[in-house]
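Participant: Structure incoming, see below.
The values are calculated or read from the model by the stated rules, or taken from the named source; none is laboratory data. This is a predicted model, so every value here is computed, not measured. Here Cβ is always computed from backbone atoms with ideal geometry, including for glycine, and neighbour counts include all displayed protein chains.
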Amino acid sequence: MVIIRRIGNDPRSLYVIIALLAILYPVLSILRPGWEVVLTYGVILAIAALGFNLLLGYTGLLSFGHAAFFGLGAYVSGLMYKYIGVRGLEIYIAGGVLASLVFSLVVGLVVVRYTRIFFSILTLAIAQVLWSLYLKFYWVTGGTDGIKIPRPDIVGMPTTYMSYDAFQAFYHYYSLAWFAILAYIMWRITNSPLGYALRAVRDNEVRSSFVGLSIYRLRLYSFMISAIYAGIAGALYAPLNRLVTPDLAYWTFSGKIVFMTILGGFKYFIGPIVGSIIYSFLESFAIGLTIYWQLILGSLIIAIMLLMREGIIGAIEKTLARYRQYIISRRINNKSG
Amino acid sequence: MAGEKEILSIRDLSKHFGGVRAVDRVSLKIFEGDRISIIGPNGAGKTTLINLISGYLRPTRGSIIYYGRDITALNPIDRINVGIVRSFQLVNLFNNLTVFENILIPILSRRRAISRFISIAYKDREAMDEAEETLRIFGLSDKADRYPTDLSQGDRKLLDIALTFALKPRLIMLDEPTSGVSTRDKHLIMEKIVEILQRAGITSMIIEHDMDIVFKYSQRIIVMHQGRVIADGKPDEIRFRDDIKSLLIGGIYA
Amino acid sequence: MVVLENIAVQLLSTLFYSSILFLIASGLNMIYGIMRLVNLSHTALFSLGAYIAAWTTGLYVVKIFGAMPLALLTIPAIFACIGVLIAAMITSPLLISSYNKGEELQLILTFGLLLVFEDIFQLFWGRVPLTSREAFFSLGQISIGSYIYPVYNIYVIIFTMIIAVVMWFIIYRTRLGMILRAVSMDPEMSSALGIDLRRALITSIAVASVLAGLGGALYLPAAAIQLGFSIEILVVAFVVMIIGGLGSFYGSLIGAIITGLIRTISLAFFPELELALLYIIAIAILLLKPEGIGGGRGW
């Protein structure tokens, strides 16, 4: 029994990407010094986007408020450092997981009952509420100044003694390791009974219920898992960025996550990953060019939705398919000729 | 029918829609292994009866006892879980999933593979084997990788029915399983259905309009008219009742 | 007596806020009701109206007409409407192309449009908040007991009421309104009956946009316009729609009033939780009466 997989959903593509992410780091540090950290940010964002796409690509729910969980992971890390003096990165991550789990459960119980536009607006609203709380309770969160986080302890070891380059490199491979594990888990999820059930619900809600699937519960699971991924990403992001500010929970950040995912192609497993990496570079490049990066971002979103709805991976697959056709027709012509 | 196990007992079941009595004081006993055809003119209450038994409608009055248990208040999904499954007249498939994946869904659902947390961590080989087997039984193995939109009408119908069977029901209710299908395919489909019903010992209630099919494949016929059951017996008993014949002919063409 | 005056003032403030919300939400509801389209960039048109009004006032009106109320109130508003109409017509092909193409597409597309608008605002008008104090004070103030209340707000309330009546008249008593209602109820059937669907869609976009732009122009003097306002008011506008019922004209009215009331109450007692309270009420409505209080797509 062969289930044909294309590039977008082939596990081998994932291996290639991970390998590339490992190799590109030193390459960049030589060719374009200073830009290799963008790769690390890309990896961290890819974790958030992977989780997000479980919700969008596989469950069919468009959340405009995923920054809420990302910000939650970041703030939990910051607050743990500020009030308890915690420095372990693994503990930050655990905190991010726990906070996202609880918050997504509470929010999800209500929000997941509604689909489509209601769901999108509700998630946007939740994110905005969190953002406003981060901003207003400044005596706890530092308001717009945010919370500063020093270099964390990784696997128990303090990293303050490391040189700048050494720390950045270490952080990159550490994040990459997390990414690899989380991507593998997500791969298993999408190919598990849960993954199939989500796809069924996204495709035909009515038939799904007639076949005994509990749509509500499935969507809730998907929501929670995607939130946890975003929370982990936030916890990884905070120490790298050294600063946790409210704009991590602002709607534009949610918009970035949405954009990354569709840029890569939300119908494919590796789409969000590719989208995140490319987006990170795009953003760094654009911000370097002009302050009007929202204009560029917005225009790109429009352009992609009109012209290239399947994203980059979709465009690649289409080109490959056409190439395959071409080869086949050549072969047929040769045989008859 | 005598001596067999009674699995479903419908007592004084009624469903009123305002002034209309869609189902009017129906009492029935269904036995394990029954192969029932429900016939009657349009508006007789056949689909409403199935809706009541499968839980998509609440009765105005009466009760439904299933394997000795009162299920009148049970919701549709829980009825699926205890083995009461129905199909619909219009084919409704997962158009963006392959045929194989279509069959996999109800199997996974039935095996409760999804509600267990562990489900995210493993692949459920058994379910996939069962899916392959089910496709083989229904003769759809060679189309496993295709999408429902690429199939012929008859195959789509077959797949739709296969999805219903994949839930391993004890009581299956099919709403016009051969409608919208060519005459030749009708018999092929019915043969397949009956073969599976017999092999697995599933009890069935099938709404059908095609009298050839009804008399060829049923073992018990229930005739409904204006919400009531007006006849209930073996095909031979029903076949020679003139009042039924004129009702049906009048009903079908009226 | 002071309590009565207080209540009167609070009521006026509520009505003012509700008026603005009504102008925004009625347009959103119109587009959703007729086009089944969720336009996240609609509030950007509101902001655009406010920006144009501010621009016009600052650059021309004050210089030419001084503090003359008639000029200050009408000219910026007219320019705002024209400007917003132009912007809406430019972006309408985008909106129409996503008609019937699935909500994900619409949401993401209009979201991109919103981002573009926001940066255009930044490009033209910068990051500094703009306002039009001249217009605000041009009508003076009145005393309500021991309180002083700006006449401008009252003007906005009355003006909006007139607009609401005019809208009601157009929708329920004219042929155009009948056509729009038909399209919102059953687009296919309407098209089969000879209604030019495209024209209906463009008309509704035009009307909705002008309403939004007008709302912006009216709101500007009483407050200020700055970047990010579009998204802040977008979420509130959707709360209005949820409370009143998606796609419903009466829903816009009811939703706007209720939302205004909630805001006034929460500002009086729990200011920090203003936003949160709004969302809680919206969620409560979704749970208890999902079609909203105004009813379904009752156009």
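Participant: Among (1) at pLDDT 90 or above; (2) within 14 Å of chain C (Cβ to nearest Cβ); (3) under 21 Å from residue A:182 (Cβ atoms), where does residue A:246 come up short?
Facilitator: Every condition holds for residue A:246 apart from (3).
Participant: Here's another thing I want to ask about it. What number of residues in region B:134-156 are surrounded by fewer than 13 Cβ atoms within 10 Å (Cβ to Cβ) and farther than 22 Å from residue B:178 by Cβ?
Facilitator: Of the residues in region B:134-156, 1 are surrounded by fewer than 13 Cβ atoms within 10 Å (Cβ to Cβ) and farther than 22 Å from residue B:178 by Cβ.
Participant: In region A:126-174, how many are assigned to a loop (DSSP other than H, G, I, E, B), loosely packed, with under 14 Cβ neighbours inside 10 Å, more than 14 Å from chain C (Cβ to nearest Cβ) and not aliphatic (A, V, I, L, M)?
Facilitator: 7
Participant: Still on this model: Determine if region A:145-166 includes at least one residue that is within 21 Å of residue C:229 (Cα to Cα) and touching a Pro at 6+ places or on another chain (Cβ under 7 Å).
Facilitator: Looking for residues that are within 21 Å of residue C:229 (Cα to Cα) and touching a Pro at 6+ places or on another chain (Cβ under 7 Å), one finds none in region A:145-166, hence no.
Participant: Just to verify a result, which residue in region B:85-114, among those that are modelled with pLDDT under 80 and within 7 Å of chain A (Cβ to nearest Cβ), is surrounded by the most Cβ atoms within 10 Å (Cβ to Cβ)?
Facilitator: Looking at residues that are modelled with pLDDT under 80 and within 7 Å of chain A (Cβ to nearest Cβ), I get B:114.
Participant: While we're on this one: Step by step: first the residues of region B:208-231, then only those that are closer than 22 Å to residue B:178 by Cα and part of a strand (DSSP E or B), then the one that is farthest from the chain's Cα centre (by Cα). Which residue is that?
Facilitator: The residue in question is B:225.
Participant: Taking the stated definitions as given, is residue A:284 surrounded by fewer than 24 Cβ atoms within 10 Å (Cβ to Cβ), of a type in the set (Gly, Ala, Ser), within 30 Å of residue A:88 (Cα to Cα) and out of contact with any Gly (no Cβ under 7 Å at 6 or more places or on another chain)?
Facilitator: Judged against the criteria, residue A:284 is a match.
Participant: Please work out which one of (1) among the hydrophobic types (A, V, I, L, M, F, W, C); (2) within 11 Å of the chain's Cα centre (by Cα); (3) more than 24 Å from residue C:123 (Cβ to Cβ) is the condition residue C:210 fails and give its number.
Facilitator: Tallying (1) among the hydrophobic types (A, V, I, L, M, F, W, C); (2) within 11 Å of the chain's Cα centre (by Cα); (3) more than 24 Å from residue C:123 (Cβ to Cβ), residue C:210 fails exactly one: (3).
Participant: For residue A:86, are the conditions met, namely being in a loop (DSSP other than H, G, I, E, B) and closer than 30 Å to residue A:158 by Cβ?
Facilitator: yes
Participant: Filter region A:47-83 for residues that are assigned to a helix (DSSP H, G or I) and more than 17 Å from residue A:249 (Cα to Cα) and give the result.
Facilitator: A:50, A:53, A:54, A:55, A:56, A:57, A:58, A:80, A:81, A:82, A:83, listed by residue number.
Participant: Let me ask something else about it. Determine whether region C:119-138 contains at least one residue that is modelled with pLDDT of 85 or more, closer than 30 Å to residue C:3 by Cβ and surrounded by fewer than 20 Cβ atoms within 10 Å (Cβ to Cβ).
Facilitator: Yes, because at least one residue in region C:119-138 is modelled with pLDDT of 85 or more, closer than 30 Å to residue C:3 by Cβ and surrounded by fewer than 20 Cβ atoms within 10 Å (Cβ to Cβ).
Participant: Report the residue count in region C:32-62 for those that are of a type in the set (A, V, I, L, M), assigned to a helix (DSSP H, G or I) and crowded, with 23+ Cβ neighbours inside 10 Å.
Facilitator: Adding up the residues that qualify gives 10.
Participant: Given the structure, is residue A:274 surrounded by 24 or more Cβ atoms within 10 Å (Cβ to Cβ), closer than 30 Å to residue B:87 by Cβ and either in contact (Cβ under 8 Å) with a residue 40 or more places away in the chain or over 18 Å from the mean Cα position of the chain (by Cα) (or both)?
Facilitator: Criteria not met by residue A:274.
Participant: Now for a different question. Scan region A:99-123 and report the pairs whose first residue is within 17 Å of residue C:284 (Cα to Cα) and more than 11 Å from chain C (Cβ to nearest Cβ) and whose second residue is of a type in the set (Gly, Ala, Ser) and surrounded by fewer than 23 Cβ atoms within 10 Å (Cβ to Cβ), with Cβ atoms within less than 9 Å and a gap of 6+ or a chain change.
Facilitator: Qualifying pairs under 9 Å: none.
Participant: Any residue at all in region A:304-327 that is within 14 Å of chain C (Cβ to nearest Cβ), crowded, with 16+ Cβ neighbours inside 10 Å, in contact with a Phe, Trp or Tyr (Cβ under 6 Å, 6 or more places away or on another chain) and assigned to a helix (DSSP H, G or I)?
Facilitator: no
Participant: Go through region C:181-299 and tell me which helices (runs of 4 or more DSSP H), entirely inside it, have 3 or more residues that are within 14 Å of another protein chain (Cβ to nearest Cβ).
Facilitator: Answer list for region C:181-299: C:229-244, C:249-269, C:274-288.
Participant: Continuing with the same structure: Where residues in region B:130-150 are of a type in the set (A, V, I, L, M) and part of a helix (DSSP H, G or I), which of them is farthest from the other protein chains (Cβ to nearest Cβ)?
Facilitator: So, considering only residues that are of a type in the set (A, V, I, L, M) and part of a helix (DSSP H, G or I), the one farthest from the other protein chains (Cβ to nearest Cβ) is B:137.
Participant: Within region C:63-158, which helices (runs of 4 or more DSSP H) (wholly inside it) include 3 or more residues that are in contact (Cβ under 8 Å) with a residue 24 or more places away in the chain, within 14 Å of chain A (Cβ to nearest Cβ) and under 21 Å from the mean Cα position of the chain (by Cα)?
Facilitator: C:69-97, C:103-125
Participant: Okay, moving on. Would you pick out the residues in region A:256-297 that are farther than 24 Å from residue A:180 by Cβ and of a type in the set (Ser, Thr, Tyr)?
Facilitator: Within region A:256-297, A:290, A:292 meet the criteria.
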